[in-house]
Amino acid sequence: MDDLITRYKLYIHNRYQDLIKSGKKSEDLNNFNLAKIFEYYSCIKLTEELNNPFYEYSDINPEFKEINNMSKNDTG
């Protein structure tokens, strides 16, 4: 699980850096800009608190999604 947390922390860092490099200032970021960062952060916190891996939607195995009748796209 530590590798999952480390990976998502790196994704958060990279996503934030990409937003800043695009010319956005931190005070100008909105919910749309930060949604993916929040999704990664939520996975980290849930994984830590419940000691069970939580994955960002696109990281879930497609077969698992099909077996569990999950939608093809994350709708929030």
Original post:
Give me the pairs: first residue in the stretch 1-20 and in contact (Cβ under 8 Å) with a residue 60 or more places away in the chain, second residue surrounded by fewer than 16 Cβ atoms within 10 Å (Cβ to Cβ) and of a type in the set (Gly, Ala, Ser), beta-carbon distance under 6 Å, and six or more apart or on different chains, which are they?
Top reply: none
Subject >> Number of positions in the stretch 40-67 that are modelled with pLDDT under 95 and hydrophobic (A, V, I, L, M, F, W, C) >> reply: 3
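Restricting to the stretch 15-69, what's the tally of residues that are polar (S, T, N, Q) and not in a helix (DSSP H, G or I)? If you could, list the steps in order and put the result at the bottom.
The first filter runs over the stretch 15-69 and keeps only residues polar (S, T, N, Q), leaving 17, 22, 26, 30-31, 33, 42, 47, 51-52, 58, 61, 68-69.
If we keep only those that are not in a helix (DSSP H, G or I) as well, we get 22, 30, 51-52, 61, 68-69.
Residues flagged as polar (S, T, N, Q) and not in a helix (DSSP H, G or I) within the stretch 15-69 amount to 7.
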**OP:** For LYS9, state whether it is of a type in the set (Lys, Arg) and exposed (fewer than 12 other Cβ atoms within 10 Å of the Cβ).
**Re:** no
Subject >> Matching entry among GLU63, GLU48 (being touching a helix residue (DSSP H, G or I) at 6+ places or on another chain (Cβ under 8 Å) and acidic (Asp, Glu)) >> reply: GLU48
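The values are calculated or read from the model by the stated rules, or taken from the named source; none is laboratory data. All figures in this text were calculated on a predicted structure; none of them were measured in a lab. Because the Cβ atoms are built from the backbone with ideal geometry, glycine has one as well, and the counts that use them run over all protein chains shown.
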